[in-house]
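Working notes, beginning with the structure itself.
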Amino acid sequence: MNAQKALTCVRSLAPEAFAADWDNSRLQITGERSEVKKLAVTLDPLPAVMAEALGWGADLVVTHHPLYMKPQAPTQDGQYLNVLRQFMAAGAWLYSAHTSLDCRPDGPAFWLGRALGLKDCASIEPCQGFPAREVFFQAPARITEREARPLSETPGVIAVSQSNSGEVRVICEERVWDDIAERLVGIFGKRPEFLVRRLETPVESVGFGQVGELPKALSVEDFSKALEKALFGVQKPQRSTLGLGVAWAECGPRPATIRRVAYTTGSGASLIPAAFAAGADVFLCGDVKHHAAQESPGLVFDVGHFILEEEMMRLFAGELGPAMAGVEVKFFEGKSPFGYRVLA
């Protein structure tokens, strides 16, 4: 697959428009290779993992965490310079799908909610809204049912219709329009004159975290067992020099029962107020600090940054495989930097 087409496929599953304005969800290192035959997916751009991926023959590596947040000169030894040297020598591409993936509705960032069976889910902190587009054009020929059905079933497409006069009307989410436009060009053999307008509704809202309802209320202990099964049913506990990495930290007052659950991948302490304002009985996240824990108005489980995002990237690799015909996609496992020792 052409390298630019490969990047377009990645961006279609982690739209850069969804990324936070402070983030660097985009191309990190421009490669020299014109074709992508092997694509590696992993959580962090760590030197050892990058060496493993490039040794496997990756032409493009997609990570979650960026190599850098702000441009920096390669003047100091460290992980940044190490990784930069590896990619420059290999001629490979490096891309980061960070908050662009965190915020994608129904994307792999929300795997834990699906594992817990949450219903009626909504974003904890909506941050952007994308109005749908309504597109009209006069088609040179009628669209057959065989051509129209794949278009209408494409995620993000709301409606496709054609009048007796041949005018085609497409309503779709803004993020998928470029792809739909190219597919229409493929159907008709040339680019029609599109008349495009933004609609006030519907609006696709994207944001961080999710809150939803369990099928039934659970005690804290029963919910903890369900959470442990959800977390470690997909990832085996990792052994470190300190022992098995099976533990989470708890803070805040315990409710009598848990029915409404909020969660986010990665760091989440900043969302604690919003999670409980949304009616959550418990909030699941990583990287809760001392003062945030002291001030929490409700029960918080800090299950760790790594375990939430490692599974997200494993699932993302599973999405990229079918989307990139002819490209071999491989997930490279990471390792939590933390281990836990029980002292008493």
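Look through G156, G55, G78, G117 and report the one residue that is at positive phi and in the same structural domain as V10 (by TED's automatic domain parsing). Sole residue among the options that is at positive phi and in the same structural domain as V10 (by TED's automatic domain parsing): G78. Of the listed requirements (1) among the basic types (K, R); (2) touching a Lys or Arg at 6+ places or on another chain (Cβ under 9 Å); (3) surrounded by fewer than 12 Cβ atoms within 10 Å (Cβ to Cβ), R146 misses just one: (2).
For segment 39-53, indicate whether the set of residues that are surrounded by fewer than 22 Cβ atoms within 10 Å (Cβ to Cβ), under 23 Å from Q4 (Cβ atoms) and over 19 Å from the mean Cα position of the chain (by Cα) is non-empty. There is no residue in segment 39-53 that is surrounded by fewer than 22 Cβ atoms within 10 Å (Cβ to Cβ), under 23 Å from Q4 (Cβ atoms) and over 19 Å from the mean Cα position of the chain (by Cα). Of the strands (runs of 3 or more DSSP E) lying entirely inside segment 115-198, those carrying at least 3 residues that are more than 24 Å from the chain's Cα centre (by Cα) and of a type outside the set (A, V, I, L, M) are 119-138.
For A3, the test of being at pLDDT 95 or above and buried (at least 21 other Cβ atoms within 10 Å of the Cβ) is failed.
For (1) of a type outside the set (V, I, T); (2) touching a residue at least 24 places away in the same chain (Cβ under 8 Å), each residue gets a yes or a no:
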{"position": "R85", "(1), (2)": "yes, no"}
{"position": "L94", "(1), (2)": "yes, yes"}
{"position": "C103", "(1), (2)": "yes, yes"}
{"position": "C127", "(1), (2)": "yes, yes"}
{"position": "Q138", "(1), (2)": "yes, yes"}
{"position": "S163", "(1), (2)": "yes, no"}
{"position": "V170", "(1), (2)": "no, yes"}
{"position": "W177", "(1), (2)": "yes, yes"}
{"position": "I180", "(1), (2)": "no, yes"}
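Within segment 80-122, no residue satisfies the criterion of being polar (S, T, N, Q) and at pLDDT below 95.
The values are calculated or read from the model by the stated rules, or taken from the named source; none is laboratory data. Just so you know, these numbers come straight off a predicted model, no measurement behind them. Please note: Cβ atoms are built from the backbone with ideal geometry, for glycine as well, and neighbour counts cover all protein chains shown.
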